[in-house]
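First up is the structure itself, then whatever we jot down about it.
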Ligand SMILES: [Zn+2]
């Protein structure tokens, strides 16, 4: 009985790993062994359940792609954030100062910030807003803050916004088949701070703020580059509390840390009294793998794969941009990338069989590839999710091809062909009718498209194209248009058949 119960628990656990987030592995468990509630795991989201594409709550959205090409346009953002985190209460008092310079011709009449914690009730409470030292009313939306300005912010003018707010971390809910896993919040094992602060969103060249609405699956935020000075003090915590952050601290005493990170997409951190870690340096980059007790072997496999992947992708694409990569075992059923940081679900650690032939390695290198396709070469994750997810999924294959060539065929059959994927790959997250159609198209068919592109171009031209595309879009927000533009410089082939097979 116990064994059966354990099996069912494991089966439930593994089937729903990553159904909604970044990594999308879907471990095959015989559905007849599962209790009925698992039917919820299938793509039950129907058109009638989905909100309409334009919501009145959504401020100044834009679908204008191609306007984001030069992320340097958005790089005049710096954050100074002082955070006092009370571990025993899972609450934090935050003072955040943002310096922002308008470098576009279009004047700014109101500043728009994404504020993801607002999506959960009673988590985010703003106590003070100052603009250039003067107190202001802020408009609070479902997932954003809007600050009207006294007078237009003209080109080359700078503004300072100071926000004081309280965060009460939500408890991360138990996994449910019809819910995207929650990352921000705490469990008995860890507390995670992701998208935890109000973030200035990028602007298109027409001056529009670019903020899409959250969705049932996939990612919705577009991250401009920014500089971060973070001053973190933790109180009422166990002495053995470990902090895992997206950068290494420049100062640390007891439970106080100072971080200073420039030109990064976000700043993320996680704490746990249970973390153990293994660390190594590769080509000047510190890689740390944090894991829970009993997962040392898996945690070290993750470290090895991450290091090998950094070396490979640095050769194939562009140099790794930062000096740090932090990997954290996640106490939720998903993997998720951030700049300099990724989570990897405990489900993969539980499944680890001592070999790279499994999801632990597959997803570790997928998330590592996001340090290129997401961090360095960003994209609009809501409108063009294929740009990072197809490339990250294909990067998994490249890892096996170059590191464990005997597993190449296994990867195609286990990761892609098993699901018989269908669908055009270049739709927005809002266009797919459920998670599985989204995954099958953007991730799995995305990888097939890249393989066919490679077969058609030949290895030399294909890898030279990947390098050019990476270098041209480094530190920018890329677009499909840029992908095809760079490709057209690498070859005269119009790829008519490929386009009609894979693209709308
Ligand atoms: Zn991904």
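Read-outs throughout are calculated quantities, based only on the coordinates presented, and are distinct from any laboratory measurement. Not measured: the values here are computed from a predicted model. Virtual Cβ from ideal backbone geometry, glycine too; neighbours counted across all protein chains shown.
Hey, what did the chain get for relative contact order, percent, Cα under 8 Å, at least 6 apart?
Details: 1044 pairs, mean separation 76.8, N = 504.
Relative CO of the chain lands at 15 percent.
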For the residue pair residue 253 and residue 418, what label-to-label distance in nm results when each label sits 7 Å from Cα along the Cα-to-beta-carbon direction?
5.3 nm
20 Å-binned pair-distance histogram of the chain (Cα, whole percent)
23, 59, 18, 0
If you find the alpha carbon centre of segment 420-447 and of segment 72-147, how far apart are they in angstrom?
34 Å
Divide the volume of the convex hull of the Cα atoms of segment 105-252 by its number of residues and quote the answer in cubic angstrom per residue.
152 Å³
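Counting other beta carbons within 10 Å of each Cβ, put 85, 443, 79 in order, fewest first.
On the way: 85 24, 443 27, 79 21.
Fewest-to-most ranking of 85, 443, 79: 79, 85, 443.
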Is any residue of segment 271-287 close enough, with backbone N under 20 Å, to a label point placed 7 angstrom from the Cα of residue 236 along the Cα-Cβ axis, and if so, which?
271-274
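Just to verify a number: FRET efficiency for residue 174 and residue 140, C-beta to C-beta distance, R0 = 30 Å, to 0.05? Write out the running numbers ahead of the final one.
Details: r = 29 Å, r/R0 = 0.96.
For R0 = 30 Å, the calculated efficiency reads 0.55.
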Hey, fewest Cβ within 10 Å first, where do 154, 367 land in order?
154, 367
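How much length is gained if the chain between residue 492 and residue 296 is pulled fully straight, taking 0.36 nm per residue apart and subtracting their Cα-Cα distance, in nm to one decimal? All intermediate terms of the calculation are to be shown ahead of the outcome.
Working: separation 196, 0.36 × 196 = 70.56 nm, distance 5.02 nm.
Additional length available on full extension: 65.5 nm.
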When 344, 487 are arranged by how many other beta-carbons sit within 10 Å of their Cβ, fewest first, they go 487, 344
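Once R0 is set to 30 Å, what does the formula 1/(1 + (r/R0)^6) return for the Cβ-Cβ distance between residue 88 and residue 126, expressed as a FRET efficiency to the nearest 0.05? Intermediate results must be reported in sequence, preceding the final value.
Numbers: r = 23 Å, r/R0 = 0.78.
Efficiency, from the Cβ-Cβ distance: 0.80.
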What ranking do 193-200, 156-163, 467-474, 368-375 get when scored by the average of other Cβ atoms within 10 Å per residue, highest first?
368-375, 193-200, 467-474, 156-163
